[in-house]
1. Going by what's in this entry, would ALA111 be described as touching a strand residue (DSSP E or B) at 6+ places or on another chain (Cβ under 6 Å) and on the phi > 0 side of the Ramachandran plot?
2. If I go through the range 186-231 residue by residue, how many of them are charged (D, E, K, R), more than 9 Å from the ligand (Cβ to nearest atom) and in contact with a helix residue (DSSP H, G or I) (Cβ under 7 Å, 6 or more places away or on another chain)?
3. Looking only at the range 78-92, decide whether some residue is crowded, with 23+ Cβ neighbours inside 10 Å, within 16 Å of the ligand (Cβ to nearest atom) and either more than 16 Å from the chain's Cα centre (by Cα) or of a type in the set (D, E, K, R) (or both).
4. Mind checking which residues of the range 81-118 are acidic (Asp, Glu) and under 25 Å from ALA172 (Cβ atoms)?
5. May I ask you to list the residues in the range 200-222 that are more than 15 Å from TYR312 (Cβ to Cβ) and either at pLDDT below 95 or exposed (fewer than 15 other Cβ atoms within 10 Å of the Cβ) (or both)?
6. Going through the range 148-183 one residue at a time, which ones are part of a strand (DSSP E or B), within 16 Å of the ligand (Cβ to nearest atom) and within 27 Å of ALA339 (Cβ to Cβ)?
7. Of the residues that make up the range 255-263, is at least one at pLDDT 95 or above and either within 16 Å of the ligand (Cβ to nearest atom) or buried (at least 18 other Cβ atoms within 10 Å of the Cβ) (or both)?
8. Return the residue satisfying two criteria in turn: it lies in the range 155-171 and is surrounded by fewer than 24 Cβ atoms within 10 Å (Cβ to Cβ) and either under 17 Å from the mean Cα position of the chain (by Cα) or hydrophobic (A, V, I, L, M, F, W, C) (or both), and of such residues it is farthest from VAL200 (Cα to Cα).
Amino acid sequence: MIGIDALGYAFPRHYLPLSALARARGAAPEKFERGLGCVRMAVPHPAEDTVTLAAAAAREALATGKVSPADIGLLIVGTETAVDHAKPVASYVQGLLNLPADCRVFEIKHACYGGTAGILTACEWIASGANRGRKALVIAADIARYPLGSPGEPTQGAGAAALVIAADPRIAEVDFLHTGRHSRDVHDFWRPLSESDARVDGAFSLACYMEGVRESYARYLATGGEAEAACDALLFHMPFARMAEKAHAELLAAARGPLEAESISQDFERRVAPGTAIARAVGNTYSASLWCGLAGLLHAGDLPRDTRVGCYSYGSGFCAEFFTLRMLTPEIMLPSVDALAVRQEIDVATYEAWRGLRMQNDGWDLPSDLPFAFVGRVDEVRRYRAAEPLSS
Ligand code: HMG
């Protein structure tokens, strides 16, 4: 059996209420909060970037799972908001966490699908026997960014999920042998190398995402996977929390044909809604989004052993995959998720000022409570301040 042995998360310590953003942009707050399902948007301080979020999530996974850094033989970071065109975020994380030199270390990119690609690759690495008893650390980390005032702006967010993948896992088995994939070369969402904000063809991106739901599920069934009705919970990639509602309806229509609205809504409340809490609180975390859904589900509780969870991963460009998890442990301590309740609210002026500062080298006060902080560039080398390294 192969799967998730330990989990960790990291989110920015600040948030902007979407009602405040709506007022500033002249939009109806109900459009953001009900129409998109976005209530709060996580806003990273300029000292937080993809590296610091990834390192903090990985640190939590290793610490809460009591996994020794020496046991890690494969380190993959899935991200679409890396900090360098050549040096992978994974190498920064290796340094900040003091991970062993006898480790394969790389970054993987496919928009929001990158984290899932890393996790399934890690499962296959372990199944092949090439791991020789060691574990993989896979991190999905991103900071979503769209132009100010654009339709995508209220869906921004930031966060990281870190998963230790191992044989005889403690948290969940990943059924990597029954997965359905669907991919195509399209321009639904992309970010040219010279730009820091994503470009998006909104309506087309929604259509591609839905095509992925139908086709990946059909291919999953063709591999012998059990029908979605056998799943006790369903997790979807959430570019905004309301998308889970649309995706769930699309999946049910593809699997069962037309259903009464009332029965779709009851099924949504039972199997999908518990996994949407983090997306509502932090926004789009791109590659981490699906895996933040898992944290939301765990936090909502009531996941007895053998609970089957259907997962739909989507990354623009695009690649979609449907697969399942089987839960093994009902209770997992995740301090990062508890910390979401005590974040600090900021106003629109601060959010806009921090966006500007992120593009600069310095000029911000360094928060003392961050486990890892970006402190600026020296000769174009990014410098970080790290918490005490974990002992091997
Ligand atoms: P928009 O055009 O501003 O919004 O952009 P809208 O007019 O479609 O309205 C959204 C919803 O709010 C609608 O609900 C409205 O009716 C409702 P629906 O009809 O869909 O049920 N609404 C209201 N509700 C209550 N009170 C009101 C009110 N007014 C309107 N007063 C769009 C929406 C998603 C296109 C935009 O936010 C966007 O471009 N987002 C970025 C792209 C995106 O998220 N695409 C999703 C699929 S692609 C994906 O998931 C990949 C991605 O994560 C990237 C990656 O892979 O790396 C993005």
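The values are calculated or read from the model by the stated rules, or taken from the named source; none is laboratory data. Quick caveat, the model's predicted, so the values are computed rather than measured. Ideal geometry is used to build each Cβ from the backbone, glycine not excepted, and the neighbour counts take in all protein chains shown.
1. On the way: touching a strand residue (DSSP E or B) at 6+ places or on another chain (Cβ under 6 Å): yes; on the phi > 0 side of the Ramachandran plot: yes.
It is true that ALA111 is touching a strand residue (DSSP E or B) at 6+ places or on another chain (Cβ under 6 Å) and on the phi > 0 side of the Ramachandran plot.
2. In the first step, residues of the range 186-231 are kept if they are charged (D, E, K, R); the result is 188, 191, 195, 197, 199, 201, 211, 214-215, 219, 226, 228.
Pick out the ones that are also more than 9 Å from the ligand (Cβ to nearest atom) and you get 195, 197, 199, 211, 214-215, 219, 226, 228.
Restricting the remaining residues to those that are in contact with a helix residue (DSSP H, G or I) (Cβ under 7 Å, 6 or more places away or on another chain) gives 214, 228.
Result for the range 186-231: 2.
3. Within the range 78-92, the subset crowded, with 23+ Cβ neighbours inside 10 Å is 78-80, 89-90, 92.
Add one more test, that the residue is within 16 Å of the ligand (Cβ to nearest atom), and what stays is 78-80, 89.
Retained after the next criterion (residues that are either more than 16 Å from the chain's Cα centre (by Cα) or of a type in the set (D, E, K, R) (or both)): 80.
Looking through the range 78-92, at least one residue is crowded, with 23+ Cβ neighbours inside 10 Å, within 16 Å of the ligand (Cβ to nearest atom) and either more than 16 Å from the chain's Cα centre (by Cα) or of a type in the set (D, E, K, R) (or both).
4. Applying the first criterion (acidic (Asp, Glu)) to the range 81-118 yields 84, 102, 107.
Residue satisfying the conditions is GLU107 alone.
5. Matches in the range 200-222: GLY202, ALA203, PHE204, ALA207, ALA222.
6. Within the range 148-183, the first condition is being part of a strand (DSSP E or B), and the residues that meet it are 158-167, 172-183.
In the following step, the residues that additionally are within 16 Å of the ligand (Cβ to nearest atom) were identified as 158-161, 181-183.
The answer is ALA158, GLY159, ALA160, ALA161.
7. Yes, there is a match, as at least one residue in the range 255-263 is at pLDDT 95 or above and either within 16 Å of the ligand (Cβ to nearest atom) or buried (at least 18 other Cβ atoms within 10 Å of the Cβ) (or both).
8. ALA167
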